[in-house]
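Inspection log for the structure reproduced underneath, given as structure tokens.
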Amino acid sequence: MELNIGDIVLLKSGSIPMTIIAKNGETVQTQWYSEEDGAFPTMNFVSAALEVIEEDDMYDDEDEFEEEENAGE
């Protein structure tokens, strides 16, 4: 699948959702929001290391985390 600027992606090995902000051949630049720093870091990745996710899917893991957190109360 071709990656495009604006796609929301994850590392295939697992990561937070990131947005593709630039492309250069098989390398893409991603950006995300870091709640810890209040900053918008960027990083370059090879396209083969990323997978596109649907916007709805990016909240599934957070919902599961909240459910596990609340189960302990």
The extension gain from E51 to T27, computed as 0.36 nm times the residue separation minus the Cα-Cα distance, is 7.3 nm
For I53, residues with placed amide H under 5 Å, excluding near neighbours:
I8, V9, L10
When D56, D7 are ordered from fewest to most other Cβ atoms inside 10 Å of their Cβ, what list results?
D56, D7
So how do 33-39, 11-17, 44-50 stack up, highest first, on mean other-Cβ count within 10 Å?
44-50, 11-17, 33-39
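Here, each number is a calculation from the coordinates, and none is a lab measurement. This one's a predicted model, so the numbers in the text were calculated from it and none came from an experiment. Here Cβ is always computed from backbone atoms with ideal geometry, including for glycine, and neighbour counts include all displayed protein chains.
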